[in-house]
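*Asks:* Shown below is the structure under consideration.
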Amino acid sequence: MLKKYPTIKFISTRAGWYFITLLVAVTLNFTLPRLGPNNPVDIIMGQFGSGLSAHEAQQREERYLMEFGLIRMKGGEIVRDGEGRPIRTSLIEQYGSYVGMLAKGDLGTSFRSSEKVWDIILRALPWTLALQIPTIILGWFIGNLFGAYAAYRRGIFDKALFPMALFLNSFPFFVFGMLLVYAFAILFRWFPPMGGYDLALMPGFSFAFILSAAHHYVLPFLSIFLIGVGGGAIGMRTMGIYELGTDYIKYAKWLGLKESKVLFYVFRNAMLPQITGLALSLGTMVGGALITEMIFSYPGLGMAMLSAIQNQDYAIIQGVTLIITVSVLIANFSVDMFIAFFDPRVKAGIQMGKGG
Amino acid sequence: MKLFKNLLKSPMFVFGASLFSLVLFAAFVVPFFYDISQVTRVGNPYDAPSGKYLLGLDHLGRDYVVLLLRGLRSSLYVGLLAGVIATVLGTLIGLIAGFKGGLIDDVLSALTNLFVVIPQLVLLILISTSIGESGRSLTLIAVIIGLTGWTWSARSVRAQSSAIKSKDHISLARLNGDGGIRILLVHILPYLFSYVFMVFIILISAGILSESAISMIGLGPVDTQSLGTILNDAKNNGALTDGYWYAFLPATGIIISIALSLYLINTSMDGVFNPRMRK
């Protein structure tokens, strides 16, 4: 039936594929932290259990065991064995309750503050989205413009731009962030070295707060943006040089088409593989940007993750990693769809039934 | 040999190779003249650079030159080990998927595509936290980075090997009665050597950067120093905001030198090797 609607077929196969990836990601997110010898409850009890009486300690331990789905429950009560001890669940049961909780949108509770992980993520997520989405897209776009121009012009512009782009692109994110902090926040004192806004201000839509947030935005923005420009420019330059050597461009030039028209064709054809490239590198970009957040103590997911790692707060770590993976999956899926509708080559493939 | 001569004509390669030789010199020759066997307290926290301790002292009063040289050696070790693991895994998976085609290709490609979209940093963080403080050795970290870093190379090797598969000399070998493994090793792999080597170089660099990245966030090795743990210590002890440049500039400089030199070597090789392979 779907054969008649290749586009719908394409979208549903891609969606199905991403759903499987999501399942694998959820499973990994469940399994990997359990590989080690550490049981989360033992860790918390080791941290907070001292100074409690035996009875209190037992109660507290049972509460944590319950929260992590490590013991069997029936109608809200703990199922106990003959000696009154709770019965431990198997890994499969734990996995079932983990997926069940996720399906209800429950990411668990922080070990430290007994705050819901979801609330912590919701507080951090806007900062991360506001920092990363514009930075990554803009960096990629500006980089592509530079790259295309360098491929077309060659000469001095290319000779200056290419080594600089190579240099920028080999910078690890965290290193670049540190250098920017040192140069512009410590030496010159133009920008604040850390944080997302002045802590004396209340977050809100006041002029002072927005100004302060913008001031704090500059350095983290630059450190992700410039690396993106470097990467985009190198990829686009290579693609552009390749496209400029193809027969259709030579033909277009022989026909005497306007320079701007030829450049437009080159740009359009070289752009689309670059979008695929962006999709493939998104995981690395987002990972790098998260570390940049940590360098700047930016109040986003990266910082939430860092403090969770320092506190050994597994619930938050697991919640944040899952949200990151899901975000990257959604971004990839969007790029896939974008390419499917804008790349004539892929579009033709779908129409002929080759897509999916 | 001719290829090598062509490489030497590329200023990018010469610069990259010289810079990398310098890094290797620091890691393996300098220690003969500068004792790095002991990491001990020799002065006060963050003592400024002096004639005796050229790059100053860290937050525990330890000589930064010793720490940096040891860190550099650890980083190179991690890069090499992780690079070898990721390259071997990626090449094998890519070769087999591209050459066999059919169901095997579908399964292996699906696996690759799956892990391409899951961020490596996420996997590294999840595994490192589960191992816990006590078990996080340098070697284990290298192995984990290698095991999670192969996807990109598998993808590209697959594309290359599936392109070679349809070449005439492969059909000839088949007619000759050669088996699959022999064709793979004798008739396909040699064509990919330059490519695999380039992948290897990039994966070494990626391994070093991954190690510094997770060490930076406090999930680094506990049994030794690495460039990442030096930066992590500097950040945690306020060296950045207090302006102790010698706590992080030399380490960042070394990391950039490694990444840049390997990247330049790779890019220049791409220019020399590729005209033949490029689609």
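The values are calculated or read from the model by the stated rules, or taken from the named source; none is laboratory data. No experiment lies behind these values; they were computed from the predicted model shown. FYI the Cβ positions are ideal-geometry reconstructions off the backbone, even for glycines, and counts take in every protein chain you see. Heavy atoms of the whole protein, side chains included, go into the accessibility calculation; ligands, DNA and RNA do not. Shrake-Rupley method; radii C 1.70, N 1.55, O 1.52, S 1.80 Å.
*Asks:* Working only within the range B:1-43, note down all residues that are modelled with pLDDT of 85 or more, more than 22 Å from the chain's Cα centre (by Cα) and assigned to a loop (DSSP other than H, G, I, E, B).
*Replies:* Selection gives B:Tyr34 alone.
*Asks:* Looking at the range B:50-109 only, could you name the residues that are more than 25 Å from the chain's Cα centre (by Cα), in contact (Cβ under 8 Å) with a residue 60 or more places away in the chain and over 30 Å from B:Lys165 (Cα atoms)?
*Replies:* Within the range B:50-109, B:Leu55, B:Gly56, B:Asp58, B:His59 qualify.
*Asks:* Quick one: would you say A:Phe171 is in a loop (DSSP other than H, G, I, E, B) and at the interface with another protein chain (Cβ under 9 Å from one of its Cβ atoms)?
*Replies:* Here the answer is yes, as A:Phe171 does meet what is asked.
*Asks:* When the residues of the range B:123-158 are narrowed to those that are more than 21 Å from A:Val328 (Cα to Cα) and open to solvent by 50 Å² or more (accessible area, probe 1.4 Å), which ends up farthest from the other protein chains (Cβ to nearest Cβ)?
*Replies:* B:Thr139
*Asks:* I've got another one for you. Identify, from the list B:Asp223, B:Asp270, B:Asp242, the residue that is within 21 Å of B:Leu8 (Cβ to Cβ), surrounded by fewer than 22 Cβ atoms within 10 Å (Cβ to Cβ) and in contact (Cβ under 8 Å) with a residue 24 or more places away in the chain.
*Replies:* B:Asp270
*Asks:* Quick check on this structure: which one of B:Asp63, B:Asp58, B:Asp35 is more than 30 Å from A:Gly36 (Cα to Cα), among the acidic types (Asp, Glu) and surrounded by fewer than 21 Cβ atoms within 10 Å (Cβ to Cβ)?
*Replies:* B:Asp35
*Asks:* Go over the candidates A:Leu179, A:Leu166 one by one and state the one that is modelled with pLDDT of 85 or more and closer than 30 Å to A:Ile234 by Cα.
*Replies:* On inspection, the qualifying residue turns out to be A:Leu179.
*Asks:* Restricting to the range A:101-141, count the residues that are assigned to a loop (DSSP other than H, G, I, E, B) and closer than 24 Å to A:Val26 by Cα.
*Replies:* So the count comes out to 10.
*Asks:* Here is a further query. For the range B:174-212, which residues satisfy the criterion of being small (Gly, Ala, Ser), modelled with pLDDT under 90 and in a helix (DSSP H, G or I)?
*Replies:* Result: B:Gly180, B:Ser194.
*Asks:* While we're on this one: For residues in the range A:147-168 being of a type in the set (Lys, Arg) and not in a loop (DSSP other than H, G, I, E, B), which is nearest to the other protein chains (Cβ to nearest Cβ)?
*Replies:* Taking the candidates together, the pick is A:Lys159.
*Asks:* A further question follows. Considering each residue of the range A:179-191, count those that are under 21 Å from A:Ala130 (Cα atoms) and open to solvent by less than 30 Å² (accessible area, probe 1.4 Å), and give that number.
*Replies:* Counting residues in the range A:179-191 that are under 21 Å from A:Ala130 (Cα atoms) and open to solvent by less than 30 Å² (accessible area, probe 1.4 Å) gives 2.
*Asks:* Determine which single condition B:Ser161 fails, assuming it passes every other condition in (1) away from chain A (no Cβ under 12 Å); (2) part of a helix (DSSP H, G or I); (3) polar (S, T, N, Q); (4) open to solvent by 30 Å² or more (accessible area, probe 1.4 Å).
*Replies:* (4)
*Asks:* Moving to a separate point now. May I ask you to list the residues in the range A:306-334 that are crowded, with 17+ Cβ neighbours inside 10 Å, more than 7 Å from chain B (Cβ to nearest Cβ) and hydrophobic (A, V, I, L, M, F, W, C)?
*Replies:* Answer for the range A:306-334, where residues must be crowded, with 17+ Cβ neighbours inside 10 Å, more than 7 Å from chain B (Cβ to nearest Cβ) and hydrophobic (A, V, I, L, M, F, W, C): A:Ala308, A:Ala315, A:Ile316, A:Val320, A:Leu322, A:Ile323, A:Ala331, A:Phe333.
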